[in-house]
1. Report the residue count in the range 40-61 for those that are outside any loop (DSSP other than H, G, I, E, B) and open to solvent by 80 Å² or more (accessible area, probe 1.4 Å).
2. Give me the residue from the range 76-89 that is under 30 Å from the mean Cα position of the chain (by Cα) and aliphatic (A, V, I, L, M) and, out of that set, nearest to the ligand (Cβ to nearest atom).
3. Which of the residues spanning the range 62-89 are open to solvent by less than 50 Å² (accessible area, probe 1.4 Å), more than 30 Å from G51 (Cβ to Cβ) and among the polar types (S, T, N, Q)?
4. Do you know which of the residues in the range 90-138 that are away from the ligand (no atom under 11 Å from the Cβ), within 14 Å of V76 (Cα to Cα) and not hydrophobic (A, V, I, L, M, F, W, C) is least open to solvent (accessible area, probe 1.4 Å)?
5. Look at I13 and say whether it is part of a helix (DSSP H, G or I) and modelled with pLDDT under 85.
Amino acid sequence: MASLLCRASAGIIRRSLAVSGARASSSVGPPQDPHKGKIANPDVSMPDTLGHSVGPERYELLSKLSGIEDPFELNVKKRAKGTFDDPTLIPSITDIRRVGCICEEDAISINYMMLHKGEPKRCECGYWFKLVEFTSDI
Ligand SMILES: [Zn+2]
């Protein structure tokens, strides 16, 4: 029984040494090309940033290429006169949009409100906002 255990354990040790020896010998050789066999045509190179981009990132890159610098309308806009008759126009592609108003110049918080198309809304600071259809010239 003891000899059977010794023989079995010797076999396990021998196999593990053989595997570690094979791993050690493969790391000694010359460095391998990591892309070897993966690229069918040697003239083909990696795509650029636009080629790799998908989804919203691709939309943003294509918009900037076509001249639209703020495709998601996220830049800060200066308030207009802000009266009921001359409200600050907020462009939107939907019927509702969340708007943040920095009511005072040195305010440390933003006052958020929901704007609905066709309903001008007054902020707590007194300025009026109105949701309008998105066009690229606003
Ligand atoms: Zn405000």
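1. Residues meeting the conditions: 6.
2. Filtering first and then ranking leaves V76.
3. T88
4. The extreme case among them is P91.
5. Details: part of a helix (DSSP H, G or I): yes; modelled with pLDDT under 85: yes.
It is true that I13 is part of a helix (DSSP H, G or I) and modelled with pLDDT under 85.
The values are calculated or read from the model by the stated rules, or taken from the named source; none is laboratory data. It should be emphasised that the depicted structure is a prediction, and the values quoted were computed from it without experimental measurement. Neighbour counts are summed over all protein chains in view; Cβ atoms, including those assigned to glycine, are modelled from backbone coordinates with ideal geometry. For accessibility, only protein heavy atoms count, side chains too; no ligands or nucleic acids. Shrake-Rupley method; radii C 1.70, N 1.55, O 1.52, S 1.80 Å.
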